[in-house]
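K.L.:
Below you'll find the structure I mean.
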Amino acid sequence: MANVQAQFEQFHKQIRTYYEINTTLREKKDIIVRRVKKHLEKNDRPQCVEFIQGSYKMKVGICAVEGLEYDIDVGLRFSFDESKYTPAEVRKWVFEAVDGHTESVEKKPSCIRVIYADGYHVDLVSYAWWDDANGQEQYRLAHESKGWRPANPPGLVGHVAEARKPFSDTKETATQTDQFRRVVRYLKRWNDRAMPYESKDKPSGIALVLLTEKYLPSPCIKWDGTSNDLGALEQVASGAENTFGRISIKKPTPEYEDLYAGISDKGMTDLKKRFGDLRNAVVDARNAADVRTACKRLKEVFGDDFPCPDAEGGGKEEAKKTAAPAVISSASSA
């Protein structure tokens, strides 16, 4: 049984990115937000408060593969209730503020996208934001065709933070990242490598986060108490592959939508087959005679960024040492 935990952790370090280290996106975001605020002030519009959301807020961002763009989601909170202005008005303010800033600015259903030729974009998501009569914080997302839609960005972030709590003792030394976030990043890279383009049949990042929550509710560890990311991936991939009918996971915050509902029937069949292919690769790696053989198999699903020892037969001794007990799924938070 090959022990490839070190290679997985090296792979994670290679593919990860997050807000604090992505200087380019941070700088572009700051420039765009200043531009929006200046435009609002100049035209006597309500001001907004920015906040980071999505993968960068949850710290599960990954480096883009060829064919895809880096991206960052920026929330813009406008301090008024949904009756004050229409979504079309608010989206128009934001679009006018950034139109012409780059060669391409697009109106997407849920955001205004500012695209840079260097291979990255910034999504500006507008919200009405206020406290209701009961003192409850309310968010409404400005959607292009559906009007003001119920939302709760902080609630979603909080939900994922709760899901990660059982994994607090699974941080590796290189990046101090827990197993939950590592597995999400592995799945996102696997997903991007299989579909290096935008598609309705491609699960979103948050869809993969919540899939991980569903099928990996607690850490996957080896007999000696150390992390087993290979086993964790097998658990998630197997759960998804063997789902009866369509994979269906609802967002835990308004609008509580099924994050897999937009995938076509054929796309769902293909997705479940891809999860089966991932599970097969993981099982083959687990049963490999040595680390090099295991890593070569994992490269087939994760790409060339997955590290592989150079020496023929490398890792045989390590494989022998880990051939004892298999996988333990811990339900504790320790």
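K.L.:
So, in the range 171-180, exactly how many residues are open to solvent by 10 Å² or more (accessible area, probe 1.4 Å) and in contact with a helix residue (DSSP H, G or I) (Cβ under 7 Å, 6 or more places away or on another chain)? Show your work before the answer.
P.N.:
Pass one, the range 171-180, residues open to solvent by 10 Å² or more (accessible area, probe 1.4 Å): 171, 173-176.
Remaining after also requiring in contact with a helix residue (DSSP H, G or I) (Cβ under 7 Å, 6 or more places away or on another chain): 174-175.
Count: 2.
K.L.:
Does any residue in the range 102-121 that is touching a residue at least 12 places away in the same chain (Cβ under 8 Å) come within less than 7 Å, Cβ to Cβ, of a residue that is assigned to a strand (DSSP E or B) and surrounded by fewer than 13 Cβ atoms within 10 Å (Cβ to Cβ) six or more places away or on a different chain, and which pairs are these?
P.N.:
Close Cβ pairs (under 7 Å, with a partner that is assigned to a strand (DSSP E or B) and surrounded by fewer than 13 Cβ atoms within 10 Å (Cβ to Cβ)) amount to I115/S104; I115/E106.
K.L.:
Mind checking which residues of the range 1-23 are open to solvent by 70 Å² or more (accessible area, probe 1.4 Å) and out of contact with any Pro (no Cβ under 8 Å at 6 or more places or on another chain)? Give the steps one after another, and end with the answer.
P.N.:
The initial filter retains those residues of the range 1-23 that are open to solvent by 70 Å² or more (accessible area, probe 1.4 Å), namely 1, 10, 13-14, 20-21.
Hits for the range 1-23 are M1, K13, E20, I21.
K.L.:
Would you be able to tell me the number of residues in the range 54-79 that are within 14 Å of the chain's Cα centre (by Cα), crowded, with 20+ Cβ neighbours inside 10 Å and outside any loop (DSSP other than H, G, I, E, B)?
P.N.:
7
K.L.:
Filter the range 206-220 for residues that are closer than 30 Å to N3 by Cβ and either open to solvent by less than 30 Å² (accessible area, probe 1.4 Å) or among the polar types (S, T, N, Q) (or both) and give the result.
P.N.:
L208, V209, L210, L211, T212, L216, S218, P219, C220, listed by residue number.
K.L.:
Follow-up. I need a count of the residues in the range 1-47 that are modelled with pLDDT of 95 or more and in a loop (DSSP other than H, G, I, E, B).
P.N.:
Selection size over the range 1-47: 6.
K.L.:
Scan the range 129-165 residue by residue and report those that are open to solvent by less than 30 Å² (accessible area, probe 1.4 Å) and either out of contact with any Phe, Trp or Tyr (no Cβ under 9 Å at 6 or more places or on another chain) or not aliphatic (A, V, I, L, M) (or both).
P.N.:
Y139, H143, G147, P153, G155, L156 - these are the residues of the range 129-165 that are open to solvent by less than 30 Å² (accessible area, probe 1.4 Å) and either out of contact with any Phe, Trp or Tyr (no Cβ under 9 Å at 6 or more places or on another chain) or not aliphatic (A, V, I, L, M) (or both).
K.L.:
Still on this structure, please answer the following. Look through R26, R34 and report the one residue that is within 19 Å of the chain's Cα centre (by Cα), of a type in the set (K, R), open to solvent by 20 Å² or more (accessible area, probe 1.4 Å) and on the phi < 0 side of the Ramachandran plot. Spell out the reasoning first.
P.N.:
Values: R34 fails: within 19 Å of the chain's Cα centre (by Cα).
Answer to the check: R26.
K.L.:
Mind listing whichever residues of the range 242-298 are closer than 21 Å to P203 by Cα and polar (S, T, N, Q)?
P.N.:
Answer for the range 242-298, where residues must be closer than 21 Å to P203 by Cα and polar (S, T, N, Q): N242, T243, S248, T253, S264, T269, N280.
K.L.:
Let me ask something additional. Looking at the range 156-179, I want the residues that are of a type in the set (D, E, K, R) and have a partner that is exposed (fewer than 15 other Cβ atoms within 10 Å of the Cβ) and at pLDDT below 95 with Cβ atoms under 6 Å, at least 6 apart or on another chain. Which pairs are those?
P.N.:
K165/S333; D169/A334
K.L.:
With among the small types (G, A, S) and within 17 Å of R77 (Cα to Cα) as the only criterion, which of A128, A161, A117 stands out?
P.N.:
A128 is the lone residue from the list that is among the small types (G, A, S) and within 17 Å of R77 (Cα to Cα).
K.L.:
Determine whether A261 is open to solvent by 60 Å² or more (accessible area, probe 1.4 Å), of a type in the set (G, A, S), out of contact with any helix residue (DSSP H, G or I) (no Cβ under 8 Å at 6 or more places or on another chain) and in a loop (DSSP other than H, G, I, E, B).
P.N.:
So A261 fits the description; yes.
K.L.:
Look through E50, E96, E82 and report the one residue that is in a helix (DSSP H, G or I) and not polar (S, T, N, Q).
P.N.:
E96 is the lone residue from the list that is in a helix (DSSP H, G or I) and not polar (S, T, N, Q).
The values are calculated or read from the model by the stated rules, or taken from the named source; none is laboratory data. Only a predicted model underlies this, so the values are computations on that prediction, with no experimental measurement involved. Because the Cβ atoms are built from the backbone with ideal geometry, glycine has one as well, and the counts that use them run over all protein chains shown. For the accessible areas, the whole protein counts, side chains as well, though only heavy atoms, and no ligand, DNA or RNA atoms are used. Shrake-Rupley method; radii C 1.70, N 1.55, O 1.52, S 1.80 Å.
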